[in-house]
Amino acid sequence: MKISPHKHQQIRLKNGLITLVLLCLLGTLAWLSTRYSAETDVTGNSSNSLSQASQKLLGSLPDKIQLTAYIKKDPSLRSQIAQLVARYKRHKADLALTFIDPDSQPEKTRELNIDAAGVIIVEYQGRSEKLNFIDESSLTNALLQLANADERWVTFLTGHGERAPDGIANFDLGQFGKELDRRKIKAQTINLATLPAIPDNSALLAITAPAVPLLAGEIELIKRYIRQGGNLLLLTDPGNRHLDALQQSLGLHQLPGTIVDNSSKLYGINDPSFVLASDYPPHPITQGFQTITVYPVAAALEIGEETDFKTVALLKSAMQSWTETGPIAGKIVFDADGDEKQGPLTFAYALTRDLDKNPSTGSGQAQGGTFEQRIVVIGDGDFLSNSYIGNVGNLDMGLRMINWLIHDDRFIDIPAKIATDKSLQLSQISVAVIGFGFLVVIPLLLMGTGFYIWRKRKQR
(Lines give C-alpha, C1' and ligand atoms only; values in the text may rest on other atoms or scores of the structure.)
Protein backbone atom coordinates (compact mmCIF):
# COMPACT_ATOMS: atom_id res chain seq x y z
CA MET A 1 0.00 0.00 0.00
CA LYS A 2 1.47 3.35 -1.06
CA ILE A 3 1.23 6.33 1.30
CA SER A 4 0.56 9.69 -0.31
CA PRO A 5 3.04 12.55 0.23
CA HIS A 6 0.37 14.55 2.10
CA LYS A 7 -0.35 11.64 4.47
CA HIS A 8 3.37 11.10 5.01
CA GLN A 9 3.78 14.77 5.92
CA GLN A 10 0.95 14.51 8.48
CA ILE A 11 2.59 11.49 10.11
CA ARG A 12 5.93 13.33 10.35
CA LEU A 13 4.21 16.37 11.84
CA LYS A 14 2.37 14.21 14.37
CA ASN A 15 5.56 12.40 15.41
CA GLY A 16 7.33 15.74 15.69
CA LEU A 17 4.62 17.13 17.96
CA ILE A 18 4.73 14.02 20.18
CA THR A 19 8.50 14.34 20.42
CA LEU A 20 8.20 18.03 21.29
CA VAL A 21 5.61 17.30 24.01
CA LEU A 22 7.82 14.59 25.52
CA LEU A 23 10.83 16.91 25.51
CA CYS A 24 8.81 19.65 27.17
CA LEU A 25 7.54 17.19 29.77
CA LEU A 26 11.06 15.93 30.51
CA GLY A 27 12.33 19.50 30.71
CA THR A 28 9.55 20.44 33.12
CA LEU A 29 10.27 17.41 35.32
CA ALA A 30 13.98 18.26 35.28
CA TRP A 31 13.22 21.85 36.34
CA LEU A 32 10.85 20.70 39.09
CA SER A 33 13.50 18.31 40.41
CA THR A 34 15.78 21.30 41.04
CA ARG A 35 13.07 23.06 43.04
CA TYR A 36 11.49 20.18 44.92
CA SER A 37 12.72 16.85 46.20
CA ALA A 38 11.05 13.69 47.44
CA GLU A 39 12.74 10.72 49.04
CA THR A 40 11.53 7.36 50.28
CA ASP A 41 13.45 5.06 52.61
CA VAL A 42 12.88 1.51 51.37
CA THR A 43 15.41 -0.16 53.71
CA GLY A 44 13.97 -2.84 55.98
CA ASN A 45 14.91 -1.08 59.24
CA SER A 46 14.72 2.54 57.98
CA SER A 47 18.50 2.89 58.27
CA ASN A 48 18.43 5.95 56.00
CA SER A 49 15.91 7.80 58.18
CA LEU A 50 16.18 9.44 61.56
CA SER A 51 15.16 7.40 64.57
CA GLN A 52 12.04 8.34 66.47
CA ALA A 53 14.21 9.50 69.38
CA SER A 54 16.09 11.99 67.16
CA GLN A 55 12.84 13.25 65.63
CA LYS A 56 11.35 13.80 69.08
CA LEU A 57 14.44 15.70 70.23
CA LEU A 58 14.33 17.98 67.18
CA GLY A 59 10.67 18.68 67.91
CA SER A 60 11.61 19.89 71.39
CA LEU A 61 14.17 22.43 70.09
CA PRO A 62 12.34 25.64 69.09
CA ASP A 63 15.35 27.73 68.05
CA LYS A 64 17.77 27.58 65.12
CA ILE A 65 20.57 25.00 65.04
CA GLN A 66 23.82 25.92 63.30
CA LEU A 67 26.38 23.31 62.20
CA THR A 68 29.78 24.51 61.03
CA ALA A 69 32.00 21.82 59.51
CA TYR A 70 35.69 22.70 59.43
CA ILE A 71 36.51 20.10 56.81
CA LYS A 72 38.98 20.26 53.94
CA LYS A 73 37.63 20.29 50.39
CA ASP A 74 37.02 16.55 50.20
CA PRO A 75 33.87 16.10 48.07
CA SER A 76 33.26 12.57 49.30
CA LEU A 77 33.47 13.42 53.02
CA ARG A 78 31.48 16.62 52.68
CA SER A 79 28.80 14.76 50.75
CA GLN A 80 28.44 12.18 53.54
CA ILE A 81 28.06 14.92 56.16
CA ALA A 82 25.55 16.81 54.01
CA GLN A 83 23.46 13.66 53.50
CA LEU A 84 23.31 13.03 57.26
CA VAL A 85 22.38 16.63 58.04
CA ALA A 86 19.71 16.51 55.32
CA ARG A 87 17.88 13.86 57.37
CA TYR A 88 17.70 16.34 60.26
CA LYS A 89 16.59 19.21 58.01
CA ARG A 90 13.55 17.20 56.92
CA HIS A 91 12.29 17.47 60.51
CA LYS A 92 13.70 20.92 61.37
CA ALA A 93 13.77 23.51 58.60
CA ASP A 94 15.84 26.06 60.57
CA LEU A 95 18.89 23.84 60.77
CA ALA A 96 21.83 25.21 58.78
CA LEU A 97 25.08 23.58 57.67
CA THR A 98 28.16 25.54 56.60
CA PHE A 99 31.45 24.10 55.30
CA ILE A 100 34.70 25.96 55.97
CA ASP A 101 38.13 24.92 54.75
CA PRO A 102 40.42 25.09 57.84
CA ASP A 103 43.32 26.28 55.66
CA SER A 104 41.34 29.40 54.76
CA GLN A 105 41.00 30.47 58.40
CA PRO A 106 44.24 29.53 60.22
CA GLU A 107 43.56 31.80 63.22
CA LYS A 108 40.13 30.28 63.84
CA THR A 109 41.64 26.82 63.36
CA ARG A 110 44.22 27.46 66.07
CA GLU A 111 41.58 28.97 68.38
CA LEU A 112 39.35 25.90 68.08
CA ASN A 113 42.32 23.49 68.21
CA ILE A 114 41.30 21.84 64.94
CA ASP A 115 43.54 19.02 63.74
CA ALA A 116 44.00 17.69 60.22
CA ALA A 117 40.86 15.52 60.44
CA GLY A 118 38.67 18.56 61.07
CA VAL A 119 35.75 19.09 63.46
CA ILE A 120 32.05 19.93 63.37
CA ILE A 121 30.81 22.70 65.69
CA VAL A 122 27.16 22.37 66.76
CA GLU A 123 25.62 25.61 68.10
CA TYR A 124 22.26 26.16 69.78
CA GLN A 125 21.06 29.09 71.92
CA GLY A 126 24.59 30.44 72.29
CA ARG A 127 26.03 27.13 73.46
CA SER A 128 28.23 24.84 71.39
CA GLU A 129 29.57 21.30 71.22
CA LYS A 130 32.56 20.06 69.22
CA LEU A 131 32.39 16.74 67.34
CA ASN A 132 35.44 15.00 65.88
CA PHE A 133 33.22 12.32 64.32
CA ILE A 134 29.64 12.73 63.18
CA ASP A 135 26.88 10.18 62.86
CA GLU A 136 23.29 10.15 64.13
CA SER A 137 24.29 8.97 67.59
CA SER A 138 26.98 11.62 68.15
CA LEU A 139 24.96 14.48 66.62
CA THR A 140 21.76 13.67 68.50
CA ASN A 141 23.60 13.31 71.79
CA ALA A 142 25.33 16.66 71.16
CA LEU A 143 21.92 18.26 70.57
CA LEU A 144 20.64 16.58 73.72
CA GLN A 145 23.40 18.20 75.75
CA LEU A 146 22.75 21.59 74.17
CA ALA A 147 19.02 21.26 74.89
CA ASN A 148 19.74 21.17 78.61
CA ALA A 149 20.42 24.84 79.27
CA ASP A 150 20.51 24.48 83.04
CA GLU A 151 22.49 22.03 85.10
CA ARG A 152 20.45 19.68 87.25
CA TRP A 153 21.88 18.26 90.48
CA VAL A 154 21.43 14.77 91.86
CA THR A 155 22.57 14.31 95.46
CA PHE A 156 24.00 10.92 96.45
CA LEU A 157 24.01 10.03 100.12
CA THR A 158 27.47 9.03 101.40
CA GLY A 159 29.19 8.14 104.65
CA HIS A 160 27.77 4.61 105.03
CA GLY A 161 29.69 2.62 102.42
CA GLU A 162 27.33 3.56 99.55
CA ARG A 163 28.33 3.26 95.90
CA ALA A 164 30.12 6.44 94.82
CA PRO A 165 28.88 8.28 91.69
CA ASP A 166 32.48 9.09 90.79
CA GLY A 167 34.11 5.85 91.98
CA ILE A 168 36.15 3.52 89.78
CA ALA A 169 35.66 0.29 91.74
CA ASN A 170 33.54 -2.43 90.18
CA PHE A 171 30.64 -1.80 92.60
CA ASP A 172 30.75 2.01 92.22
CA LEU A 173 28.66 4.13 89.83
CA GLY A 174 31.45 6.09 88.14
CA GLN A 175 30.45 5.24 84.56
CA PHE A 176 26.85 6.13 85.26
CA GLY A 177 27.98 9.41 86.81
CA LYS A 178 29.88 10.26 83.61
CA GLU A 179 26.80 9.56 81.49
CA LEU A 180 24.77 11.87 83.72
CA ASP A 181 27.40 14.58 83.42
CA ARG A 182 27.27 14.34 79.61
CA ARG A 183 23.59 15.33 79.90
CA LYS A 184 24.33 18.23 82.27
CA ILE A 185 23.02 16.25 85.22
CA LYS A 186 25.60 16.82 87.94
CA ALA A 187 26.21 14.35 90.75
CA GLN A 188 27.11 15.63 94.21
CA THR A 189 27.59 13.73 97.46
CA ILE A 190 26.42 14.61 100.93
CA ASN A 191 27.14 13.23 104.39
CA LEU A 192 24.17 14.09 106.58
CA ALA A 193 26.25 13.44 109.70
CA THR A 194 28.46 16.44 108.89
CA LEU A 195 26.02 18.56 106.83
CA PRO A 196 22.55 17.94 108.25
CA ALA A 197 20.57 19.37 105.32
CA ILE A 198 19.83 18.28 101.77
CA PRO A 199 20.92 21.04 99.33
CA ASP A 200 18.13 23.23 97.96
CA ASN A 201 19.51 22.87 94.42
CA SER A 202 19.04 19.11 94.47
CA ALA A 203 16.39 17.78 92.09
CA LEU A 204 16.79 14.24 93.42
CA LEU A 205 18.20 12.36 96.39
CA ALA A 206 19.75 8.96 95.59
CA ILE A 207 20.52 6.36 98.27
CA THR A 208 22.44 3.30 97.06
CA ALA A 209 22.45 0.34 99.46
CA PRO A 210 24.39 1.59 102.51
CA ALA A 211 26.73 -0.95 104.06
CA VAL A 212 26.12 0.25 107.64
CA PRO A 213 22.98 1.58 109.34
CA LEU A 214 22.05 5.24 109.03
CA LEU A 215 21.89 7.32 112.20
CA ALA A 216 18.46 8.03 113.64
CA GLY A 217 18.91 11.75 112.91
CA GLU A 218 19.80 11.01 109.27
CA ILE A 219 16.71 8.87 108.81
CA GLU A 220 14.55 11.65 110.23
CA LEU A 221 16.12 14.20 107.85
CA ILE A 222 15.36 11.95 104.87
CA LYS A 223 11.80 11.31 106.06
CA ARG A 224 11.30 15.07 106.35
CA TYR A 225 12.66 15.45 102.79
CA ILE A 226 10.09 12.88 101.62
CA ARG A 227 7.23 14.55 103.52
CA GLN A 228 8.13 17.87 101.88
CA GLY A 229 7.82 16.27 98.42
CA GLY A 230 11.42 15.56 97.50
CA ASN A 231 12.11 13.11 94.67
CA LEU A 232 13.93 9.94 95.71
CA LEU A 233 15.84 7.03 94.15
CA LEU A 234 16.27 4.13 96.58
CA LEU A 235 18.51 1.17 95.67
CA THR A 236 18.76 -1.75 98.05
CA ASP A 237 20.18 -5.29 98.02
CA PRO A 238 19.00 -8.68 99.29
CA GLY A 239 19.73 -8.98 102.97
CA ASN A 240 20.32 -5.24 103.35
CA ARG A 241 17.93 -4.04 106.05
CA HIS A 242 19.43 -0.57 106.59
CA LEU A 243 16.71 1.12 104.53
CA ASP A 244 13.73 -0.71 106.07
CA ALA A 245 12.55 2.38 107.98
CA LEU A 246 12.52 4.49 104.80
CA GLN A 247 10.79 1.76 102.80
CA GLN A 248 8.12 1.39 105.47
CA SER A 249 7.48 5.15 105.40
CA LEU A 250 6.70 4.71 101.70
CA GLY A 251 4.41 1.75 102.33
CA LEU A 252 6.90 -0.84 101.00
CA HIS A 253 8.19 -4.06 102.49
CA GLN A 254 11.32 -5.93 101.37
CA LEU A 255 11.01 -9.71 101.34
CA PRO A 256 13.86 -11.76 102.81
CA GLY A 257 16.06 -13.78 100.47
CA THR A 258 17.01 -13.45 96.80
CA ILE A 259 15.09 -13.86 93.56
CA VAL A 260 16.25 -16.93 91.62
CA ASP A 261 15.91 -16.84 87.83
CA ASN A 262 16.69 -20.08 86.07
CA SER A 263 15.66 -18.62 82.70
CA SER A 264 18.96 -16.71 82.60
CA LYS A 265 20.56 -19.96 81.38
CA LEU A 266 18.87 -19.39 78.04
CA TYR A 267 21.06 -16.30 77.62
CA GLY A 268 24.29 -18.00 78.61
CA ILE A 269 24.17 -16.85 82.26
CA ASN A 270 24.81 -19.74 84.62
CA ASP A 271 24.21 -17.78 87.82
CA PRO A 272 20.50 -18.12 88.79
CA SER A 273 20.69 -14.98 90.95
CA PHE A 274 20.74 -12.87 87.74
CA VAL A 275 17.22 -11.63 86.97
CA LEU A 276 16.39 -10.65 83.39
CA ALA A 277 13.56 -8.23 82.58
CA SER A 278 12.15 -7.85 79.08
CA ASP A 279 8.43 -7.19 79.65
CA TYR A 280 7.63 -3.78 81.10
CA PRO A 281 4.34 -2.23 82.31
CA PRO A 282 2.82 0.95 80.84
CA HIS A 283 4.69 3.80 82.51
CA PRO A 284 6.55 6.94 81.33
CA ILE A 285 9.88 5.33 82.30
CA THR A 286 9.30 2.23 80.19
CA GLN A 287 7.27 3.74 77.34
CA GLY A 288 8.56 2.25 74.08
CA PHE A 289 11.38 0.43 75.88
CA GLN A 290 11.90 -3.10 74.55
CA THR A 291 15.49 -3.91 75.54
CA ILE A 292 16.42 -6.60 78.05
CA THR A 293 17.85 -5.36 81.35
CA VAL A 294 19.98 -7.43 83.75
CA TYR A 295 19.80 -7.32 87.55
CA PRO A 296 22.65 -9.33 89.15
CA VAL A 297 21.16 -9.88 92.63
CA ALA A 298 17.65 -8.65 93.37
CA ALA A 299 15.34 -8.59 96.38
CA ALA A 300 11.57 -8.80 96.02
CA LEU A 301 9.40 -5.92 97.23
CA GLU A 302 5.77 -5.76 98.31
CA ILE A 303 3.46 -2.79 98.65
CA GLY A 304 1.51 -2.37 101.87
CA GLU A 305 -2.23 -1.99 102.18
CA GLU A 306 -1.99 1.64 103.32
CA THR A 307 0.12 4.15 101.43
CA ASP A 308 -0.28 7.77 100.31
CA PHE A 309 1.33 7.03 96.96
CA LYS A 310 0.07 5.76 93.64
CA THR A 311 2.24 2.75 92.91
CA VAL A 312 3.25 0.98 89.70
CA ALA A 313 5.11 -2.34 89.70
CA LEU A 314 7.93 -1.19 87.44
CA LEU A 315 10.02 -4.38 87.22
CA LYS A 316 8.77 -7.92 87.71
CA SER A 317 10.14 -11.39 87.40
CA ALA A 318 8.65 -13.23 84.43
CA MET A 319 5.77 -15.68 84.61
CA GLN A 320 7.96 -18.52 83.36
CA SER A 321 11.47 -19.61 84.19
CA TRP A 322 13.36 -22.67 82.99
CA THR A 323 14.93 -25.72 84.54
CA GLU A 324 16.64 -28.71 83.00
CA THR A 325 13.35 -30.61 83.20
CA GLY A 326 11.23 -27.91 81.61
CA PRO A 327 9.40 -24.66 82.42
CA ILE A 328 8.13 -23.91 85.90
CA ALA A 329 5.73 -21.21 87.01
CA GLY A 330 7.37 -18.02 88.14
CA LYS A 331 10.59 -17.31 89.94
CA ILE A 332 11.49 -17.94 93.52
CA VAL A 333 12.58 -16.02 96.59
CA PHE A 334 14.31 -18.08 99.26
CA ASP A 335 13.61 -16.61 102.66
CA ALA A 336 15.76 -16.86 105.75
CA ASP A 337 14.20 -20.20 106.71
CA GLY A 338 14.81 -21.73 103.30
CA ASP A 339 11.14 -21.62 102.29
CA GLU A 340 10.22 -20.74 98.75
CA LYS A 341 7.89 -18.00 97.50
CA GLN A 342 6.63 -18.44 93.95
CA GLY A 343 6.66 -15.59 91.46
CA PRO A 344 6.11 -13.48 89.55
CA LEU A 345 7.74 -11.12 92.02
CA THR A 346 8.10 -7.34 91.90
CA PHE A 347 11.55 -5.92 92.58
CA ALA A 348 11.03 -2.27 91.57
CA TYR A 349 8.21 0.20 92.23
CA ALA A 350 7.52 3.70 90.90
CA LEU A 351 5.60 5.88 93.38
CA THR A 352 3.89 9.23 92.79
CA ARG A 353 1.61 11.58 94.66
CA ASP A 354 0.29 15.09 94.12
CA LEU A 355 1.09 17.67 96.78
CA ASP A 356 -0.42 21.12 97.19
CA LYS A 357 2.65 23.20 97.88
CA ASN A 358 6.14 23.58 96.50
CA PRO A 359 8.76 21.66 98.52
CA SER A 360 11.84 23.37 99.89
CA THR A 361 13.97 20.62 98.40
CA GLY A 362 14.59 22.12 94.97
CA SER A 363 12.16 20.05 92.95
CA GLY A 364 12.14 22.63 90.17
CA GLN A 365 8.37 23.16 90.35
CA ALA A 366 6.77 26.58 90.27
CA GLN A 367 5.39 28.11 93.47
CA GLY A 368 1.70 27.52 94.00
CA GLY A 369 -0.64 24.91 92.62
CA THR A 370 0.17 21.21 92.78
CA PHE A 371 3.20 19.22 91.79
CA GLU A 372 3.96 15.52 91.46
CA GLN A 373 6.43 13.88 93.79
CA ARG A 374 8.26 10.96 92.19
CA ILE A 375 10.06 8.04 93.85
CA VAL A 376 11.64 4.85 92.50
CA VAL A 377 12.62 1.93 94.76
CA ILE A 378 14.63 -0.98 93.31
CA GLY A 379 15.65 -4.19 95.06
CA ASP A 380 19.04 -4.26 93.29
CA GLY A 381 21.91 -1.83 93.71
CA ASP A 382 24.28 -3.46 91.21
CA PHE A 383 22.60 -3.02 87.83
CA LEU A 384 24.02 0.52 87.42
CA SER A 385 27.46 -0.32 88.81
CA ASN A 386 30.60 -0.14 86.69
CA SER A 387 30.56 -3.92 86.31
CA TYR A 388 27.04 -4.22 84.88
CA ILE A 389 26.02 -0.88 83.38
CA GLY A 390 27.23 -1.99 79.95
CA ASN A 391 24.86 -4.97 79.84
CA VAL A 392 22.20 -4.55 77.13
CA GLY A 393 19.67 -1.90 78.32
CA ASN A 394 20.91 -1.18 81.86
CA LEU A 395 22.31 2.28 81.05
CA ASP A 396 19.20 3.32 79.14
CA MET A 397 16.96 2.13 81.97
CA GLY A 398 19.01 4.08 84.53
CA LEU A 399 18.89 7.27 82.43
CA ARG A 400 15.15 6.88 81.91
CA MET A 401 14.64 6.61 85.67
CA ILE A 402 16.75 9.69 86.39
CA ASN A 403 15.06 11.80 83.70
CA TRP A 404 11.64 10.85 85.01
CA LEU A 405 12.59 11.49 88.63
CA ILE A 406 13.91 15.00 87.87
CA HIS A 407 10.86 15.76 85.67
CA ASP A 408 12.78 15.82 82.37
CA ASP A 409 10.00 13.86 80.69
CA ARG A 410 10.79 15.00 77.14
CA PHE A 411 14.16 13.22 77.23
CA ILE A 412 13.01 9.96 78.83
CA ASP A 413 12.85 7.81 75.69
CA ILE A 414 15.99 9.17 74.01
CA PRO A 415 18.50 6.30 74.25
CA ALA A 416 22.10 6.68 75.37
CA LYS A 417 23.33 5.44 71.98
CA ILE A 418 21.34 5.61 68.78
CA ALA A 419 22.50 2.68 66.69
CA THR A 420 21.46 1.76 63.18
CA ASP A 421 21.48 -1.67 61.55
CA LYS A 422 21.31 -3.29 64.98
CA SER A 423 18.81 -5.99 64.10
CA LEU A 424 18.44 -8.67 61.47
CA GLN A 425 14.91 -9.88 60.87
CA LEU A 426 14.39 -13.05 58.88
CA SER A 427 11.23 -14.92 58.06
CA GLN A 428 10.79 -18.52 59.17
CA ILE A 429 11.25 -19.66 55.57
CA SER A 430 14.54 -17.74 55.29
CA VAL A 431 15.78 -19.21 58.56
CA ALA A 432 14.80 -22.71 57.39
CA VAL A 433 16.54 -22.24 54.01
CA ILE A 434 19.72 -20.90 55.61
CA GLY A 435 19.75 -23.63 58.25
CA PHE A 436 19.09 -26.40 55.71
CA GLY A 437 21.77 -24.98 53.42
CA PHE A 438 24.47 -24.82 56.06
CA LEU A 439 23.56 -28.05 57.84
CA VAL A 440 22.70 -30.27 54.84
CA VAL A 441 23.38 -28.82 51.39
CA ILE A 442 26.91 -27.50 51.94
CA PRO A 443 28.12 -30.65 53.77
CA LEU A 444 26.67 -32.86 50.97
CA LEU A 445 28.34 -30.71 48.31
CA LEU A 446 31.66 -30.97 50.09
CA MET A 447 31.27 -34.75 50.48
CA GLY A 448 30.20 -35.11 46.83
CA THR A 449 33.10 -33.01 45.60
CA GLY A 450 35.54 -35.04 47.67
CA PHE A 451 34.07 -38.31 46.41
CA TYR A 452 34.23 -37.11 42.77
CA ILE A 453 37.88 -36.07 43.10
CA TRP A 454 38.71 -39.41 44.78
CA ARG A 455 37.04 -41.39 41.93
CA LYS A 456 38.81 -39.38 39.23
CA ARG A 457 42.19 -39.94 40.84
CA LYS A 458 41.46 -43.67 41.31
CA GLN A 459 40.65 -44.07 37.59
CA ARG A 460 44.03 -42.71 36.47
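In this label model, residue 302 and residue 227 are separated by 2.8 nm, measuring between points 7 Å along each Cα→Cβ vector.
In order along the range 150-161, phi translates into HN-Hα couplings of 10, 6, 10, 10, 10, 9, 9, 5, 9, x, 10, x Hz, rounded to whole numbers, per the Karplus curve 6.51 cos²θ - 1.76 cosθ + 1.60 with θ = phi - 60° and x for Gly and Pro. Shape summary of the range 365-412, radius of gyration then Dmax from alpha carbon positions: 13.6, 43 Å.
In this calculation the C-beta distance from residue 447 to residue 392 is compared with R0 = 35 Å, giving a FRET efficiency of 0.30.
Here the extension length gained between residue 7 and residue 253 equals 78.6 nm, from 0.36 nm per residue of separation less the Cα-Cα distance. Summed over the residues of the range 150-301 and divided among them, the accessible surface reaches 42 Å² per residue at a probe radius of 1.4 Å. Take every DSSP beta bridge whose two residues both sit in the range 115-269; close to 25 percent of them are antiparallel.
The figure for residue 220 is an accessible area of roughly 80 square angstrom, using a 1.4 Å probe on the protein chains alone. 3J(HN,Hα) couplings calculated from phi for the range 97-114 with the Karplus curve 6.51 cos²θ - 1.76 cosθ + 1.60 (θ = phi - 60°) are, in sequence order, 10, 10, 9, 10, 6, x, 5, 7, 9, x, 5, 5, 4, 5, 5, 8, 6, 8 Hz; Gly and Pro show x. From the square roots a ≥ b ≥ c of the eigenvalues of the alpha-carbon gyration tensor of the range 95-177, which class results: rounded (a/c under 1.5), prolate (a/b over b/c), or oblate? Here the range 95-177 falls in the prolate category.
Taking every pair of distinct Cα atoms and averaging 1/r, then inverting, what Kirkwood hydrodynamic radius in Å comes out for the range 190-300? After inverting the pairwise mean of 1/r, the radius is 16.3 Å. Across the cross-link table entries 178/223; 130/178; 73/130, which are compared at the Cα atoms, the separations over 26 Å belong to 178/223.
The values are calculated or read from the model by the stated rules, or taken from the named source; none is laboratory data. In this text the structure is predicted, and so the values were computed from the model without any measurement. As a convention, Cβ positions derive from the backbone with ideal geometry for all residues, glycine included, and neighbour counts pool all protein chains shown. Areas reflect the complete protein model, heavy atoms only, side chains present, ligands, DNA and RNA absent. Shrake-Rupley method; radii C 1.70, N 1.55, O 1.52, S 1.80 Å.
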